[in-house]
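The values are calculated or read from the model by the stated rules, or taken from the named source; none is laboratory data. Values in this document were obtained by computation on a predicted structure and should not be read as measured data. Glycine gets a Cβ as well: all are built from the backbone with ideal geometry, and neighbour counts include every protein chain shown. In case anyone asks, the SASA skips ligands and DNA or RNA and just uses the protein heavy atoms, side chains included. Shrake-Rupley method; radii C 1.70, N 1.55, O 1.52, S 1.80 Å.
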Amino acid sequence: MADRAGRRAGMPALAMAVMLASGFAGLGYQIVWTQQASQWLGHDGVAVLAVVGGFFGGVALGALALGPRIDRSPHPARWYAGCELAIALWAAALIGLMGPASRLLMQTVGAQPAAAWHWLVALLGTFILLLPATAAMGATLPAMQRLVASPQRPAAAIGWLYAGNTAGAVLGVLASAFWLVPAFGLARTAAVCVALNLACAVAALAWRAPLEPPPPLSSAGAPRRWWLPLAMTGLLGIGYELLAVRVLSQVAENTVYTFALLLAVYLVGTALGAAGWQRWAAGRPGDDTRRARLLQALAAACLLGGAALWQAEAAKAALLQALGPSMGAALAAEAMLALLAFGLPAACMGAVFSQLCTQARESGVGMGRCLGVNTLGAALAPLLVGVLLLPAVGAKAALLVLVAGYLALAPWRRGPGLPSAAVALAAVATAVWAPPLRFIDLPDGGRIVSYQEGPQAAVSVVEDAEGVSRLRIDNRQQEGSSHSLLADARQALLPLLLHPAPRRALFLGLGTGITASSAAEDPQLQVDAVELLPEVIAASAHFTQVFHGGQPNPRLRLVNADARRYVRADGPAYDLVVADNFHPARSGSGALYTVEHFRAVAARLAPGGVFCQWLPLHQMDLDTLRSIVRAFNAVHPGGWAMLATNSLDTPVLGLVARADQQPFDVAALRQRLATAALPRPPAAFGIDSDLALLGSFVAGPQALARFAGAAPVNTDDHPVVAYLAPRITYAPDSSPRQRLLALLQVLAQAPQALQPPALVALEPEPGWNARLAAYWVARDAFITAGQAVRPVADVRQMLAQVQAPLLAVLRTSPDFRPAYDPLLGMASALARTDPAAARALLADLARLQPARPEAGQALQQLPGVLP
């Protein structure tokens, strides 16, 4: 007896340590499994929410199925150890099984599933795949509560155990996102969690002595009255979390760190609420009055948290201004937003859950059923709130529905009604006078063309006073504008013209639709364009009215699907695959830059096919670029790099590869340029010759390999880009033009960085290789010279800045048209006020580029020039 008493005396401290470790492992698994499951589910809103639903569903089933048996067992320690062991064994098995299972489920889902089928397979697939581990997770808290409770106090320590388990979950979220996954990858992070589960199982065996059986639980119908409040609080709690995350995604940066911080703060709040309830309320018998007050407080807290969401943008800007630019400051600002939105509501949720479980336990409901019913409600939240309610009514109305739900659960007859009435009145005032809970940056004199809120993102089209329209996702990520027609069209035409006779093309990512629509102008080409967000597809119609007479193009098929899943599914081979310049820091985008994805794209290329992956250099640092290049080179060791334009402010780099890894045939390229049956010829986009086409290349295979060096390669298991890219998003340490120039300098330092023989099969005529090499040198000089140029309206001041460097560029390469055209335009403008200076400039242009007639013709038209 003394030995048993000594063991029970040490139980509380050890129980808390075990709960911390178990919670750490549980949330670590959730992060790992969510990222792994997204590889077959995709990153659509339904799929991501299905992972959450499937995870909670397994926990609920385990708690409901195993909880009653644990409550009747005299050996809860064995149950706890067995559950932890089951979690560890299945999680270890999933390290090897996740890949094959994902491929099977991906084939089951299909490339373009109907919404109902996609949701069904996503939810059931995740539920079944994770079930052995998640069901065991659902039984750990009931088993531990049974261990530390006594027959006289069956509801003892519920708050402390829940707080300890949740606190461990906080550590698991932060450690996984900020350390384990970036440093070691997903599989090794899962292995760390497996070790923690095994340690928890061993520790539980310290309580191997049997316990006295508890009094029999009531079988009457009275305990069932707790099922509704337990289920509804689970549904409403996760529903509020999803709502706040969706709203804050329009203010925060939406990186992996953003979601880790939001989840961590939410969990901290629930842990503190449960611990506070245990400290101040657990010693007094539970009653309906206290429950009513807690639910009324929770409804008011959600309303206050929602009110904080309206001020999120201003609060973030104020804190960043106070702290200064740095990644730490940016993360602190996002943590502050999470605290404002989640702090008080989550604390009340933790207290309410502890109160409901204690009252239900004292009424004869087992802890397993309490947890299971609550988690079952949470499992329904992604579908009911995230997929159905939010897109249908908007964030403000959804918030008020959740507040009303909490008020409806408060027993008005047995508790004070005045607080509920006050909260209800505040909710009505919010409904009447508060603006929509959304964020749209509207410039002076601008207007909102369209706004759509979907399960995963809010998409807006905003037009400024000059009539320039911009497409934005969640008010943070600009996907293009009506002003970028030239640059967007070149991203289609450059790779399109590199193929001698393309018949079918695939574009991954739509944006404004200008790039894919430009390619579909080719009458010989069928284009499939895959876009994740249906709201983006709808908004793109505003930007593509300039194509095909404003009517839908039958050669352009828009596909609403996840790009990774579409590429990996069975389908036709493509002569051309063009991948959009996805923002690498946005959650999920880094998966489109992995070795596995590049390999899947290569498998969809037809013989002689061309693949071009565009990269937004203005949105990534060079370290992130190195990891992407190394992943690309792992699949295409003979690939090249090219620039979409010569822009300094929005440089876009393309990684280009051919399926046969062969160089280009200049004769075929010339034939392609001459016969391209496009409404607007390639010359209208600055691609007037084979030199202009191939002159966009900046690096060959050797230079790319040297540039990538030993950078960590981006893979599905080690998604380094998702964790590297946010650094420059949070705290830019350089401008886009500085990064472009630094890249060109690094590439140029490589021996034989880019030589014509590495790019083309044969020299078409003597001296052509030298002309191409000179074109590349001139292009780099042109970009370098542009760094010091400051645009001004006065043509004389502009000429003072650019005339000498541009003429020097033309001396290097008379073929470099981007230096010729600006000088020609300025000479024409100068002719109105200073004909002599214009004549001198035109003469220089005619001498440097005698093959082009424009300067000579303009010179003949100047006053005082003989015909």
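Considering only the range 788-800, I want to know if a residue exists there that is more than 38 Å from the chain's Cα centre (by Cα), acidic (Asp, Glu), more than 19 Å from residue 645 (Cα to Cα) and not in a helix (DSSP H, G or I). There is at least one residue in the range 788-800 that is more than 38 Å from the chain's Cα centre (by Cα), acidic (Asp, Glu), more than 19 Å from residue 645 (Cα to Cα) and not in a helix (DSSP H, G or I).
For residue 843, the conditions (1) surrounded by fewer than 17 Cβ atoms within 10 Å (Cβ to Cβ); (2) under 26 Å from residue 739 (Cβ atoms); (3) of a type in the set (Gly, Ala, Ser) are fulfilled apart from (2). You will find that of 96, 67, 62, the residue that is part of a helix (DSSP H, G or I), among the small types (Gly, Ala, Ser) and over 23 Å from residue 205 (Cβ atoms) is 96 and no other.
The condition of being open to solvent by less than 30 Å² (accessible area, probe 1.4 Å), modelled with pLDDT of 90 or more and under 30 Å from residue 71 (Cα atoms) holds for only one of 368, 394, 377, 405, that being 377.
For residue 827, the conditions (1) part of a helix (DSSP H, G or I); (2) open to solvent by 40 Å² or more (accessible area, probe 1.4 Å); (3) within 22 Å of residue 688 (Cβ to Cβ) are fulfilled apart from (2). Against the conditions (1) more than 10 Å from residue 517 (Cα to Cα); (2) modelled with pLDDT of 90 or more; (3) open to solvent by 10 Å² or more (accessible area, probe 1.4 Å), residue 556 satisfies every one except (1).
Considering only residues in the range 115-139 that are among the β-branched types (Val, Ile, Thr) and open to solvent by 10 Å² or more (accessible area, probe 1.4 Å), the one that is modelled with the lowest pLDDT turns out to be 121. For residue 337, the requirement of being at pLDDT below 90 and farther than 30 Å from residue 368 by Cα is not met.
Of all the numbered requirements in (1) at pLDDT below 95; (2) more than 14 Å from residue 509 (Cα to Cα); (3) aliphatic (A, V, I, L, M); (4) open to solvent by less than 40 Å² (accessible area, probe 1.4 Å), residue 602 misses one, and that requirement is (1). Is it fair to say residue 498 is at pLDDT 95 or above and more than 27 Å from residue 391 (Cα to Cα)? Yes, satisfied.
Per the listing 754, 744, 772, the residue uniquely touching a residue at least 12 places away in the same chain (Cβ under 8 Å), part of a helix (DSSP H, G or I), surrounded by 21 or more Cβ atoms within 10 Å (Cβ to Cβ) and not hydroxyl-bearing (Ser, Thr, Tyr) is 772.
Conditions tested, residue by residue: (1) under 26 Å from the mean Cα position of the chain (by Cα); (2) modelled with pLDDT of 90 or more; (3) open to solvent by 10 Å² or more (accessible area, probe 1.4 Å); (4) of a type in the set (A, V, I, L, M).
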{"position": "472", "(1), (2), (3), (4)": "yes, yes, yes, no"}
{"position": "479", "(1), (2), (3), (4)": "yes, no, yes, no"}
{"position": "484", "(1), (2), (3), (4)": "yes, no, yes, no"}
{"position": "489", "(1), (2), (3), (4)": "yes, yes, no, yes"}
{"position": "519", "(1), (2), (3), (4)": "no, yes, no, yes"}
{"position": "525", "(1), (2), (3), (4)": "no, yes, no, yes"}
{"position": "528", "(1), (2), (3), (4)": "yes, yes, no, no"}
{"position": "536", "(1), (2), (3), (4)": "yes, yes, no, yes"}
{"position": "539", "(1), (2), (3), (4)": "yes, yes, no, yes"}
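All conditions but one from (1) open to solvent by less than 10 Å² (accessible area, probe 1.4 Å); (2) over 16 Å from the mean Cα position of the chain (by Cα) apply to residue 74; the one that does not is (1).
Among the conditions (1) under 24 Å from the mean Cα position of the chain (by Cα); (2) farther than 30 Å from residue 313 by Cβ; (3) surrounded by fewer than 20 Cβ atoms within 10 Å (Cβ to Cβ); (4) not acidic (Asp, Glu), residue 503 misses just one, which is (1). The helices (runs of 4 or more DSSP H) found entirely in the range 232-348 that carry 1 or more residues being more than 29 Å from the chain's Cα centre (by Cα) and closer than 21 Å to residue 361 by Cα are 256-280, 288-310.
The rows are residues; the columns are (1) among the polar types (S, T, N, Q); (2) within 26 Å of residue 608 (Cβ to Cβ); (3) in contact with a Leu (Cβ under 6 Å, 6 or more places away or on another chain).
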residue	(1), (2), (3)
477	yes, no, no
482	yes, no, no
508	no, yes, no
521	no, yes, yes
531	no, no, yes
539	no, no, yes
558	no, no, no
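If only residues of the range 423-459 that are among the small types (Gly, Ala, Ser) and without any contact (Cβ under 8 Å) to a residue 40 or more places away in the chain are counted, the one that is most open to solvent (accessible area, probe 1.4 Å) is 445. Against the conditions (1) within 41 Å of the chain's Cα centre (by Cα); (2) among the hydrophobic types (A, V, I, L, M, F, W, C); (3) open to solvent by 40 Å² or more (accessible area, probe 1.4 Å), residue 804 satisfies every one except (1).
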